[in-house]
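Reading through the structure tokens given below for one structure.
Readers should treat all values here as calculations from the given coordinates under stated rules, not as data from a laboratory. Everything numeric in this text was worked out from a predicted model, so none of it was measured. Using ideal geometry, Cβ is built from the backbone for each residue, glycine included, and neighbour counts are taken over all protein chains shown.
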């Protein structure tokens, strides 16, 4: 009977942990990991930061989101590496986009610019100013237009 109770409690605890809602909490700019702070200072301006939030999922996985005065957003992982840059009305800083991707976009979609970039383990997802979403490998090779 005691073992059944232990198993039931363990299952309930596991269920609670895995289904716990993400906790989004406003934090100061100085609470960002140093790498994220340096990124913002280098490519934008700390003065443009209007909001910093820390998202904790599953009790320990932390992510950060920085909102700029323009409405642009930057997302960072727990270590401060950027994951996503989404600009409002201006292009993503060119230095963040691999050269092969920039070349492909200029050649294939002239008169457009990169509005958003997501870096993940499989490659890059790029949103350009004409509304198309493009996918690339980590090496910058075009994969497809995403619907």
- request: With r as the distance between the Cβ atoms of residue 67 and residue 108 and R0 = 22 Å, compute the FRET efficiency 1/(1 + (r/R0)^6) and round to 0.05.
  value: 0.10
- request: Mind pulling the per residue volume of the convex hull built on the Cα atoms of region 74-147? Å³ is fine.
  value: 92
statement: Cα-only Rg/Rh for region 20-90 with Kirkwood Rh rounds to 0.96
statement: Each label sits 7 Å from Cα toward the beta-carbon; between residue 25 and residue 95 the label points are separated, in nm, by 3.2
